[in-house]
1. Residues of the stretch 31-52 with backbone nitrogen within less than 18 Å of a virtual label 7 Å along the Cα-to-Cβ line of VAL201, please, listed as ranges.
2. Please list SER407, SER269 from largest to smallest accessible area, probe radius 1.4 Å, with all protein chains kept in place.
3. Filter the GluC sites (Glu not before Pro) in the stretch 25-82 to those in DSSP coil with at most 11 other Cβ atoms within 10 Å of their Cβ, and list the result.
4. I need the Debye-formula profile for the stretch 425-506: one equal scatterer per C-alpha, no solvent, reported as log10 I(q)/I(0) at q = 0.19, 0.23 1/Å, two decimals.
5. Can you compute the modelled spin-label distance between ASP469 and HIS456, with each label point 7 Å from Cα toward Cβ, in nm?
6. Can you tell me how the stretch 22-244 classifies by the Cα gyration tensor, rounded, prolate or oblate, using a/c under 1.5 as the rounded cut?
7. If the limit is 19 Å between Cα atoms, which of LYS26/LYS63; LYS18/LYS38; LYS38/LYS200; LYS63/LYS200 go over it?
8. Would you grab the residues whose amide H sits under 5 Å from the one on GLU374? Only those 5+ places off in sequence or on another chain, please, with H modelled 1.01 Å from N.
Amino acid sequence: KPEEEEEEAANFGYHDGKKYTLKTYKAMADEFKATYFKGAEVGEEEVEDAYWNIVTSAEEDVKIEYGSELHSTIHGSGFPTNGNALNPLDQATGSVYTRSAWNLNNLNASSLLRFVREDIPGVISPWIYVGMCFSTFCWHYEDHFLYSVNYLWEGEPKLWYGVPGDEAGLFEEAMRDYAPELFVQQPDLLFHLVTMISPKVLLEKGVHVCRAVQRAGELMLTFPRAYHGGLNTGYNVAESCNFAVTDWIPWGWLSDQTYRSFGKSHVFSHPSLLFSLADDDDSVQTAMWLLPEMMRYTELESKAIKDLREMGCTDIRPMNLATQGVLSKPIVGDSNTSVVLTGKRVRKQRRDGQVVSGMDEIRRARDEDEFVDECCVCRTSTFLSLVRCPSCPNIVACCEHASSMCSCPIGNKFVERRYTDDHVQRVIDHVSSRASRPALWRVQAEALLAPGGGAHPMRSYTSLAAECDRFPRFLEWAFALRDRLRAVTANARAWGARAQEVLAVTG
């Protein structure tokens, strides 16, 4: 490990453990639990009580080994996946489980994260977790405030504690109030997944906390910005990854601003994802969530560039895409490999025999690369625009930090933009036309259904009703109108059939 990682591990009280096979780890975990509880049969409540006694006591020192964040494309997934020789469940001909949408290796094929064209361990592709009694996943929320899903394959239960996403601020305030000295030393402490505090303390401070027991064969979901943590009650094996649906899009913006405020690197570029969605996702539902966020990003960029012009930075150029890295210019990998989608850096490292198994490795590789795609001050993605200084060629900045990126005069620096104003407006208009379709549809539907509106061809009703089927389900008014349209056509068909009967009798 690099020296800085060794130092961080020492500061937070964790380090690499021994190497185990699954069989030897289970034997170690079972022996530890039997010894700790003196051979007694204990349930999750007894384990939970003992755990919090350990956490809140300064007298007992317990050492735990946790096989966390094991990359499934390296160690194998519990789910069958075509072509992965590491997985004994693989079937060359495929199976219903290989193709299932609940197979976590397939989940992001239908999630918004399918537009992030790089393999991100634990986010796009699953991580494996092999736990033992008292092994802990400390309080945290997911990268980019994403949803997450965890499947418990085998073993003893996991105990989960969760806080609603809309109380994340209250949770953070309670944590700082409880241990202010820790946050003075490390303002971004909660990003390090090393802090555990009793739910009872949080409840006393007015934070709503829920508790859940996850047993083998069960899925656990977490929602955007929902802090969660917990412990394992004994040996178990789990697999998890992130995903995103359309209502996550505004949370992505909030995570972007949170990362900026702490100078934390992004796992992927949020504006890059938004523009990919604008180009490649034609659904009305995506467009409705996407439009306000795209307008927010592009309006802020335009304002920032205008401010720079007024400060004397008037040289605006097209972005040199040849010097952009994975965050801003993702590359589709080889679909014949065990990793379906890989970023160019990750792919190169695997080709060169270097194992890239976690986000720390990916972030470090990005930092050491000759390409730069994040602001040197706040580390935000520079996908849409960046500022360069000819005298400081190894750094770039976002427009907001053009002055503080280096001490050179602002007039010596120049801005690179990925898109022209005209191109951005065309993209916005394209998304807006999809997002506004339900409102236009409503006008057409109400005109057809209006009393005394005159006669209309049957296909006007049927085609309009069919179009509504593609609208998001939360538009209840649209589906109520659709049902009325279909009632009209059903009634018309009934009258038509009756008329045919009458004509047949009179004929």
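1. Taking a point 7 Å out along Cα→Cβ of VAL201, the residues of the stretch 31-52 whose backbone N falls under 18 Å are 48-52.
2. SER407, SER269
3. Loop-located and lightly packed - GLU41, GLU59, GLU60.
4. -0.86, -1.07
5. 1.9 nm
6. Here the stretch 22-244 falls in the oblate category.
7. From the list (LYS26/LYS63; LYS18/LYS38; LYS38/LYS200; LYS63/LYS200), the Cα-Cα distance tops 19 Å for LYS18/LYS38; LYS38/LYS200; LYS63/LYS200.
8. Excluding prolines and chain starts, which carry no amide H, the hits are THR382.
The values are calculated or read from the model by the stated rules, or taken from the named source; none is laboratory data. Predicted model only: the values in this text are computed from it and were never measured. Cβ: placed from backbone, ideal geometry, glycine included. Neighbour counts: every protein chain shown. Each accessible area value is taken on the protein alone, full model and side chains, heavy atoms only, with ligands, DNA and RNA left out. Shrake-Rupley method; radii C 1.70, N 1.55, O 1.52, S 1.80 Å.
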